[in-house]
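Asks: The structure that follows is given in the form of structure tokens.
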Amino acid sequence: STEELVKDQRTSRINEAEISQPLCSAVQIALVDLLASWNIRPQRVVGHSSGEIAAAYATSALSLDDAMRAAYFRGLLSPLIRTKGHKGSMLAAGLSSEEAEREITDMGTGFGEIVVACVNSPRSVTLSGDTTAVEEMQKILTQKRFFARQLQVETAYHSPHMRSIAEEYKKNLAPIETRPWTERKAVKMFSSVRGRLVDASDDLGASYWVDNMVSQVRFSSALAQLCQDQDSKQVDALVEVGPHSALAGPVKQILASLPERETPVSYHSALI
């Protein structure tokens, strides 16, 4: 891991899923542990896509070994989707989930399948699916003056393509066991898979991580609920635990959409 992190851009394999997936989770988990060593612990956590792995680790719902197992096999199996005949892409777009769904309906199915994969904020979504459909949607949105940029990925994450590896992923995750509720830290987790607070009845074992891989990411609603939860001390600071500030824009859009409050919520990136 350390060797790959210090390579230059020319020799780095950081954009390959089998490297990036476990390495990103390893960096996130290391940051959780580093902050804890300074007695800085979260009250609430939320994760975007595979970021939920480190979020679950922060609550103690997953052990280090189980968290890294979920990340490792996700990265190992994702490239196999192309060998199963799927050519997929993803598109970041500056419109609401409802607007995106209307654009998908209006475009029809002639160019292939495309879905709203991630609801990042009230005005930011990620679309995912067949490359032909993604490219056509980019043309349509650009013509309508919406922001639309293809992501540098070769896999249509959170699209129906992911179902082609779901069973194999679940089989490899079978040893994962969610720690009993009584053993977890006093950290609330707001699930971007379920779109709500995780409670004692939720099992974060193998099936959950398959759902996390194939389902829509409901990050916008999960973070909004986290910020407005009134059961404990009011949120005043959000820290993005990851290799960069990828979610800075969506987080600030979500915060701006919430009711005004006396104490503003600040945003920070752990590594910036």
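The values are calculated or read from the model by the stated rules, or taken from the named source; none is laboratory data. What you are looking at is a predicted structure, and each value in this text was computed from that prediction instead of being measured. A quick note on method: Cβ atoms are made from the backbone with ideal geometry, for glycine too, and the neighbour counts reach across all protein chains shown. Each accessible area value is taken on the protein alone, full model and side chains, heavy atoms only, with ligands, DNA and RNA left out. Shrake-Rupley method; radii C 1.70, N 1.55, O 1.52, S 1.80 Å.
Asks: Let me check something: with ligands and nucleic acids excluded, how do Leu127, Leu255 order by accessible area (1.4 Å probe), largest to smallest?
Replies: Heavy-atom accessible area, descending, gives Leu255, Leu127.
Asks: Among DSSP bridges having both ends in the chain, what percentage is antiparallel? Round to the nearest 5.
Replies: About 70 percent, rounded to the nearest 5.
Asks: Still on this structure, I have one more. Among the lysines, which fall within straight-line cross-link reach of Lys87, defined as a Cα-Cα distance under 21 Å, with same-chain neighbours fewer than 8 residues apart omitted?
Replies: Excluding near neighbours in sequence, the set is Lys139.
Asks: Taking the Cα centre of the range 1-135 as origin, sum charge times position over the Cβ atoms of Lys and Arg (+1) and Asp and Glu (-1), and report the length of that vector in debye to the nearest 20.
Replies: Using only the charged Cβ atoms, the result is roughly 280 debye.
Asks: From largest accessible area down, sort Glu183, Glu135; use a 1.4 Å probe on the protein chains.
Replies: Accessible-area ranking of Glu183, Glu135, largest first: Glu183, Glu135.
Asks: Something else now. Could you tell me whether the range 1-157 comes out rounded, prolate or oblate from its Cα gyration tensor? Rule is a ≥ b ≥ c as square roots of the eigenvalues, rounded for a/c under 1.5, then prolate if a/b exceeds b/c, otherwise oblate.
Replies: It is prolate, given that a/c is not under 1.5 and a/b is the larger ratio.
Asks: Now, a different point. Using a 1.4 Å probe on the protein heavy atoms, what percent of the accessible area of the chain belongs to carbon and sulfur?
Replies: Ligands and nucleic acids excluded, carbon and sulfur reach 50 percent.
Asks: What are the principal axis extents of the Cα atoms in the chain, in Å, biggest first?
Replies: 53, 45, 42
Asks: Continuing with this model, one more query. Would you compute, for the Cα atoms of the range 4-45, the largest minus smallest coordinate along each principal axis and list the three values in descending order, in whole Å?
Replies: 38, 17, 10
Asks: At 222 nm, what helix-only mean residue ellipticity would the chain give, in deg cm²/dmol to the nearest 500, using -39500 (n - 2.57) for each DSSP H run of four or more?
Replies: -12000 deg cm²/dmol
Asks: Give the accessible surface of the chain per residue, rounded to a whole number of Å², with probe radius 1.4 Å and ligands, DNA and RNA excluded.
Replies: With the other protein chains kept in place, the chain gives 51 Å² per residue.
Asks: Does the range 169-272 come out rounded, prolate or oblate, given a ≥ b ≥ c as the square roots of the eigenvalues of its C-alpha gyration tensor, rounded meaning a/c under 1.5 and, failing that, prolate meaning a/b above b/c?
Replies: It comes out prolate by the Cα gyration axes.
Asks: Once the dipole of the range 81-124 is set up with Lys and Arg at +1 and Asp and Glu at -1 on Cβ about the Cα centre, which of Ser96, Val115, Thr83 lies farthest towards its positive end?
Replies: It is Thr83.
Asks: Moving to a separate point now. Can you tell me the dipole magnitude for the chain around its Cα centre, using point charges on the Cβ only (Lys, Arg +1; Asp, Glu -1), in Debye to the nearest 20?
Replies: I would put it at about 240 debye.
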